[in-house]
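Reading through the structure tokens given below for one structure.
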Number of protein chains: 2
Amino acid sequence: MSGKSLRIGVAGLGTVGAGLLKLIDERPLFAPAGREVVVTGVSARSRKRPRPFDISNLPWFDDPAALAASPDNDLFVELIGGSDGPAKVAVETALKAGKPVVTANKALIAEHGAELAALAEANDVPLLFEAAVMGGTPAVKMLREAMVGDEVEQVAGILNGTCNYILTEMEATGRSFADVLADAQRLGYAEADPTMDVGGFDAAHKITILAALAFGCAPTYAAAEIEGVEAIEPIDIRMAKDLGYRIKLVASAVKSAEGVAVSVHPALAPLAHPLAQAGGPLNALFIEGRRIGRIFIQGAGAGAGPTAAAVAADIADVMTAARRPVFQVPAAQLKPFAAVDAKRQVGRAYVRLLVRDQPGVLAGVTETLAEGGISIDSFLQRPVEDAGGVPIVLTTHAAPEETLLAALRRMQKLKALIQPPRMIRIAHI
Amino acid sequence: MSGKSLRIGVAGLGTVGAGLLKLIDERPLFAPAGREVVVTGVSARSRKRPRPFDISNLPWFDDPAALAASPDNDLFVELIGGSDGPAKVAVETALKAGKPVVTANKALIAEHGAELAALAEANDVPLLFEAAVMGGTPAVKMLREAMVGDEVEQVAGILNGTCNYILTEMEATGRSFADVLADAQRLGYAEADPTMDVGGFDAAHKITILAALAFGCAPTYAAAEIEGVEAIEPIDIRMAKDLGYRIKLVASAVKSAEGVAVSVHPALAPLAHPLAQAGGPLNALFIEGRRIGRIFIQGAGAGAGPTAAAVAADIADVMTAARRPVFQVPAAQLKPFAAVDAKRQVGRAYVRLLVRDQPGVLAGVTETLAEGGISIDSFLQRPVEDAGGVPIVLTTHAAPEETLLAALRRMQKLKALIQPPRMIRIAHI
């Protein structure tokens with residue numbers, strides 16, 4: 001199992017790339033059976049940019065695709081990012097050259113995974129992407145390998161550390177989303193352009209990949225229902241807590257007879273639930289299998305150390321010479337999800353209303369819901385200072401989402417409503 | 001990646017064996033790329049015993065070693081159990097015949113793992129044992145494969161579902177260990193002879209295996225410090241909770257400059273800690289890596305479904321033709337743990353005393369501790385009905401265990417003590 005050293009080319013030298021070079025420098029024998037890893041080429045946008053790791057002695061490639069094609073390396077590591085452009089070209093080049101690829105690129109796999117899996121399998125080389133989801137926490141390996149003896153029914157979790165940090169801070173300080181985001185950006189916990197994170201798109205890329213692994217479908221990013229955390233208000237966090245819940249950005253993929261529903265949206269999780277207790281930048285995930293039951297996994301979802309270690313574990317996997325389909329079934333059999341229409345889904349919900357303090361308001365609200373066949377599970381009316389009205393929150397019993405939304409649209413016609421109702425789903429976890 | 005069917009022989013048809021036959025019957029194509037699994041032989045102690053699965057059409061072997069040697073199967077599954085005897089002979093026979101082995105036998109791997117790994121590697125076949133630890137929760141795969149890019153510093157968790165169930169019930173009902181155990185036996189949650197479980201030996205087998213995988217050492221069961229839950233009293237569960245802790249049977253393996261400390265003992269975990277929150281028969285585990293940080297994993301630790309699914313995942317792994325050392329490093333390099341003397345370890349502790357209600361008692365207790373250099377972190381004295389004295393509980397700051405035990409021995413000379421002090425460690429988690 002030992003042998004000559006494995007020569008790798010690394011494209012992309014941001015946080016994760018620099019972390020990987022550092023890890024290999026400290027511990028080139030990390031792989032099983034002591035086969036040494038040697039970096040034989042690097043590529044990045046700028047050669048001169050200051051980095052925590054000295055790259056002046058490493059062969060430099062201006063073009064990542066040239067590095068991917070170079071006969072001087074046996075394995076290509078893609079850490080450039082982005083679903084298209086140079087990352088995709090370089091990965092395709094490496095696979096076509098019969099070279100194993102390890103990538104941390106969630107957008108690339110979520111948007112072009114089936115096509116790249118076909119290319120990898122046609123060239124009989126692995127395409128591995130543990131670092132694309134949950135950093136060093138091995139969600140990909142668990143679904144790809146440990147659940148293969150079972151049938152997965154549901155995967156649900158917290159897959160974006162930035163959103164989780166923001167929601168945790170909002171709860172702890174009572175401050176607004178915009179305030180906490182600005183702080184997070186100053187501290188480097190959020191990007192200058194935070195859209196991918198706070199808009200739910202990063203989590204959607206990740207759950208799309210996990211769904212493909214769990215259910216043996218082609219990753220189908222376009223089918224994901226996506227809602228971010230931008231509209232979450234401190235009052236909702238507070239009211240939810242009074243009702244025994246915490247608001248989390250929950251990414252989930254559920255298989256049913258009708259197909260697969262993949263979604264990312266803010267949702268209320270019961271306070272005692274492990275997902276509710278994963279605070280700060282932590283990531284957490286449930287996997288529910290028919291035989292295995294529920295497995296819960298939690299860890300750091302990002303950062304140079306954890307993500308580089310996940311890339312290294314994939315490099316070690318390549319050395320085992322294992323051959324398995326990229327997504328549970330051979331690429332030729334991969335079909336896109338039969339997406340379930342989110343509106344036809346049945347679930348419980350939290351609804352917050354701001355109403356004028358006048359007689360008959362409650363009757364109007366409850367009648368509108370009753371007419372729509374929506375039954376109320378709990379109800380909370382509480383004076384809140386400076387709210388500009390009386391906030392009412394209620395939770396519903398399970399109802400088709402379409403029915404609830406129709407009832408809320410009718411409710412908007414009530415004159416006593418000061419603003420449109422705010423609906424947040426209660427997580428089905 | 002597809003190909004002709006994989007023929008397996010299954011020795012041992014208890015809960016897990018029957019679960020595996022059922023799984024394969026329902027889903028012979030569970031393995032990646034649709035290579036069918038076919039059972040071509042079974043062996044068990046009795047052919048006639050009633051089973052949930054009909055075996056009358058399967059070729060029968062009275063001797064598991066004959067099944068292991070048979071040319072009619074390509075892979076041998078050992079579910080007999082026991083560290084020696086027929087299980088060991090059969091596994092050795094299969095490995096010598098150049099046949100991959102999948103086993104759920106924790107005692108066998110914990111006690112003879114290095115020797116069997118050498119045999120497997122000499123014959124260039126995998127020896128896999130995911131089902132030996134935490135049932136369907138893939139602790140073995142995580143340590144063997146996902147952490148290989150990192151350096152593991154500590155593994156700690158709840159690895160015995162029977163003990164966890166008993167402790168959870170004792171807390172919920174206030175009943176004694178003996179009472180709850182008797183109930184658990186009636187319900188089938190505990191064996192007729194519960195020693196392996198409640199004595200901590202089962203958890204010690206499991207943590208020995210995890211330590212070997214985490215640190216690349218030979219499994220060294222004899223080096224584990226083992227204490228069970230038999231002596232836990234309801235009063236300790238109650239008092240610990242008043243102090244903000246829950247008593248769990250914690251199995252841990254910690255690496256330091258001095259070596260590896262492997263232990264199983266009852267310990268206090270802070271109520272908010274994920275290990276404290278894993279109740280009932282759940283298993284839970286922390287893995288701490290230098291780069292990855294803390295990964296937490298939780299799931300069912302036993303049962304036909306989860307354990308059979310873990311065996312199936314191992315069978316699927318065999319089909320990938322992956323080659324890696326059984327325990328991180330080649331068997332020839334495996335050395336036993338350099339065991340750290342438990343008494344030299346430094347940690348915090350909970351101490352419960354039962355004293356006579358008379359003046360000067362507290363002074364005597366605190367002076368004895370102070371003389372030994374043990375400093376007190378918290379102190380709780382509370383009247384308890386029918387306690388036959390005044391219970392005092394205290395927690396200490398970190399101190400060498402040897403020093404604390406010496407102080408407690410001196411304390412026994414105090415006339416005011418009604419019974420010897422009860423010490424329970426506070427988990428370092």
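The values are calculated or read from the model by the stated rules, or taken from the named source; none is laboratory data. This one's a predicted model, so the numbers in the text were calculated from it and none came from an experiment. Please note: Cβ atoms are built from the backbone with ideal geometry, for glycine as well, and neighbour counts cover all protein chains shown.
Side notes on the structure shown:
- Neighbours by Cβ (under 7 Å, 6+ apart or cross-chain): first from the range A:157-172, touching a residue at least 60 places away in the same chain (Cβ under 8 Å); second buried (at least 24 other Cβ atoms within 10 Å of the Cβ) and among the acidic types (Asp, Glu): A:Asn160/A:Asp197; A:Asn160/A:Asp202; A:Thr162/A:Asp197; A:Cys163/A:Asp197
- Applying the criterion of at least 3 residues that are more than 17 Å from A:Leu285 (Cα to Cα) and of a type in the set (Gly, Ala, Ser) to the helices (runs of 4 or more DSSP H) found wholly in the range A:148-237 leaves A:177-186.
- Among the residues of the range B:59-71, the ones that are surrounded by 14 or more Cβ atoms within 10 Å (Cβ to Cβ) and either in a strand (DSSP E or B) or in contact (Cβ under 8 Å) with a residue 24 or more places away in the chain (or both) come to 7 in all.
- Residues in the range B:303-318 include none that are surrounded by fewer than 21 Cβ atoms within 10 Å (Cβ to Cβ), assigned to a loop (DSSP other than H, G, I, E, B) and at pLDDT 95 or above.
- Of all the criteria given as (1) touching a residue at least 40 places away in the same chain (Cβ under 8 Å); (2) more than 7 Å from every other protein chain (Cβ to nearest Cβ); (3) over 20 Å from A:Ala118 (Cα atoms); (4) touching a helix residue (DSSP H, G or I) at 6+ places or on another chain (Cβ under 9 Å), the one not satisfied by A:Asp314 is (3).
- Taken together, B:Val77, B:Val102, B:Val125, B:Val140 contain a single residue that is within 14 Å of chain A (Cβ to nearest Cβ) and either at positive phi or in a loop (DSSP other than H, G, I, E, B) (or both), which is B:Val125.
- Residue that is farthest from the chain's Cα centre (by Cα) [pool: residues in the range B:238-253 that are surrounded by fewer than 22 Cβ atoms within 10 Å (Cβ to Cβ) and not in a loop (DSSP other than H, G, I, E, B)]: B:Asp242
- Residues in the range A:110-122 that are over 22 Å from A:Phe201 (Cβ atoms) and more than 14 Å from every other protein chain (Cβ to nearest Cβ): A:Leu119 alone.
- Scanning the range A:255-302 for residues that are within 8 Å of another protein chain (Cβ to nearest Cβ) and part of a strand (DSSP E or B) yields a total of 9.
- Residues being over 16 Å from A:Glu111 (Cα atoms), within 12 Å of chain B (Cβ to nearest Cβ) and not in a loop (DSSP other than H, G, I, E, B) - total across the range A:321-349: 3
- Applying the condition of being among the β-branched types (Val, Ile, Thr) and in contact with a Leu (Cβ under 8 Å, 6 or more places away or on another chain) to the range A:220-241 and asking which residue is farthest from A:Gly388 (Cα to Cα) yields A:Val229.
- Condition check for A:Met134: within 14 Å of chain B (Cβ to nearest Cβ), closer than 22 Å to A:Ile247 by Cβ and surrounded by 24 or more Cβ atoms within 10 Å (Cβ to Cβ): yes
- Complete set of residues in the range B:376-414 that are charged (D, E, K, R) and touching a residue at least 12 places away in the same chain (Cβ under 8 Å): B:Asp377, B:Arg382, B:Glu401, B:Glu402, B:Arg410
- Residues in the range B:200-224 that are in contact with a His (Cβ under 8 Å, 6 or more places away or on another chain) and closer than 15 Å to B:Gly157 by Cα: B:Gly200 alone.
- Checked against the criterion of being in contact (Cβ under 8 Å) with a residue 12 or more places away in the chain, on the phi < 0 side of the Ramachandran plot and within 14 Å of another protein chain (Cβ to nearest Cβ), the candidates A:Val148, A:Val198 yield just one match: A:Val148.
- Number of positions in the range B:293-302 that are within 29 Å of A:Glu151 (Cβ to Cβ) and either of a type in the set (A, V, I, L, M) or surrounded by fewer than 24 Cβ atoms within 10 Å (Cβ to Cβ) (or both): 5
- Filter result for B:Leu414 (buried (at least 16 other Cβ atoms within 10 Å of the Cβ), over 30 Å from B:Ile295 (Cβ atoms) and out of contact with any strand residue (DSSP E or B) (no Cβ under 7 Å at 6 or more places or on another chain)): yes
- Among (1) over 24 Å from the mean Cα position of the chain (by Cα); (2) modelled with pLDDT under 95 - the single one A:Val351 does not satisfy: (2)
- Residue in the range B:361-372 that is surrounded by fewer than 20 Cβ atoms within 10 Å (Cβ to Cβ), farther than 20 Å from B:Gly174 by Cα, among the charged types (D, E, K, R) and out of contact with any Phe, Trp or Tyr (no Cβ under 8 Å at 6 or more places or on another chain) present: yes
- Considering the range B:30-56, the residues that are within 21 Å of A:Met147 (Cα to Cα) and more than 31 Å from the chain's Cα centre (by Cα) include one that is modelled with the highest pLDDT, namely B:Val38.
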